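Novice: Handing you a structure now.
The values are calculated or read from the model by the stated rules, or taken from the named source; none is laboratory data. Predicted model only: the values in this text are computed from it and were never measured. Cβ: placed from backbone, ideal geometry, glycine included. Neighbour counts: every protein chain shown. The protein model used for the area step is the full one, side chains on, heavy atoms only, and it has no ligands, DNA or RNA in it. Shrake-Rupley method; radii C 1.70, N 1.55, O 1.52, S 1.80 Å.
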Amino acid sequence: MTLFTDICLCTCLVCIATSANAEREIDLNSVVQAGEINTTTDTRNLSVAVERRIAYVIGNNDYEYVSDLKNAENDARLFAAYLATEGYSVSEHYDLTKLGFEQVLRKIARETDENTHVLIYFAGHGVQIGESNYLIPTDSALRNASEVSLQAISLNNIMEVAKSRSRTLVVFLDSCRDNPFAGRAFSNTLSGNEVVAETGFNAQQAPINTFLAFSTSPGLLAEDGLGENSPFTEA
């Protein structure tokens, strides 16, 4: 069976988002160095088969300032092995710091073009802060709102970097297994406003020609599983 057949059979997959627009949060030129980005006009010819299928698999288990996870690395290794049997060139990354995440984003921008289908898989801590979704690097402490953009990785930015050059994009997020910042209000010392870390991910729009899959419904926790893998990745 193909990857997308398996997706249809996975009962854990409860949220798919597609949209023609995604909110820009940072200047992507600071991350993408492989060429000019054009996200306003899409001229990719989807009738022609892609020449390459590349997967970037990330598993974060060991965190410095929040609780560790039991199965994230196991899940990433299991999914990476499966993708290799489906014809993907797989790039595996484990226990990424903030700098490590940025290096992977640069790698994606450098290695992909309009003849590339890209798949990104992440297992690890993820959280909704305010109305935005973030993946948590292993060295994030997040003491106040001003540190969010500096220490966490915006899901919007990941998709924009990956989609800016690739033909099509698939993103799997086996995340939000618990909320390491549950109920914490992050005060912004400049504005005086607060943003709250909510459980689970917020409903998320995705760029055009992108398939985005969450392991749980918005605002809910995903199961870590009783064995070596989560139910979502195992399915």
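Novice: Can you say whether Leu96 is more than 28 Å from Leu150 (Cα to Cα) and modelled with pLDDT of 95 or more, as far as the supplied structure shows?
Specialist: The answer is no for Leu96.
Listed here are the residues, each with its yes/no results for (1) within 15 Å of the chain's Cα centre (by Cα); (2) within 22 Å of Leu155 (Cα to Cα).
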{"position": "Ala49", "(1), (2)": "no, no"}
{"position": "Val57", "(1), (2)": "yes, yes"}
{"position": "Asn60", "(1), (2)": "yes, yes"}
{"position": "Tyr65", "(1), (2)": "no, yes"}
{"position": "Ala72", "(1), (2)": "yes, yes"}
{"position": "Ala76", "(1), (2)": "yes, yes"}
{"position": "Leu96", "(1), (2)": "yes, yes"}
{"position": "Phe101", "(1), (2)": "yes, yes"}
{"position": "Val104", "(1), (2)": "yes, yes"}
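Novice: What residue, among those in the stretch 63-80 that are out of contact with any Phe, Trp or Tyr (no Cβ under 9 Å at 6 or more places or on another chain) and open to solvent by 60 Å² or more (accessible area, probe 1.4 Å), is farthest from Thr138 (Cα to Cα)?
Specialist: Leu78
Novice: Next question. Against the definition (on the phi > 0 side of the Ramachandran plot and either within 17 Å of the chain's Cα centre (by Cα) or modelled with pLDDT of 50 or more (or both)), how does Gly87 come out, yes or no?
Specialist: So Gly87 fits the description; yes.
Novice: Given the structure, is Glu147 surrounded by fewer than 20 Cβ atoms within 10 Å (Cβ to Cβ) and modelled with pLDDT of 90 or more? Talk me through it step by step, then tell me what you get.
Specialist: On the way: surrounded by fewer than 20 Cβ atoms within 10 Å (Cβ to Cβ): yes; modelled with pLDDT of 90 or more: no.
Criteria not met by Glu147.
Novice: Working only within the stretch 84-133, note down all residues that are in a strand (DSSP E or B), open to solvent by less than 50 Å² (accessible area, probe 1.4 Å) and within 20 Å of Ser230 (Cα to Cα).
Specialist: Selection gives His93, Leu119, Ile120, Tyr121, Phe122, Ala123, Gly124, Gly126, Val127.
Novice: Filter the strands (runs of 3 or more DSSP E) completely within the stretch 151-235 down to those with at least 3 residues that are crowded, with 21+ Cβ neighbours inside 10 Å, among the hydrophobic types (A, V, I, L, M, F, W, C) and at pLDDT 70 or above.
Specialist: Filter on the stretch 151-235 gives 168-175.
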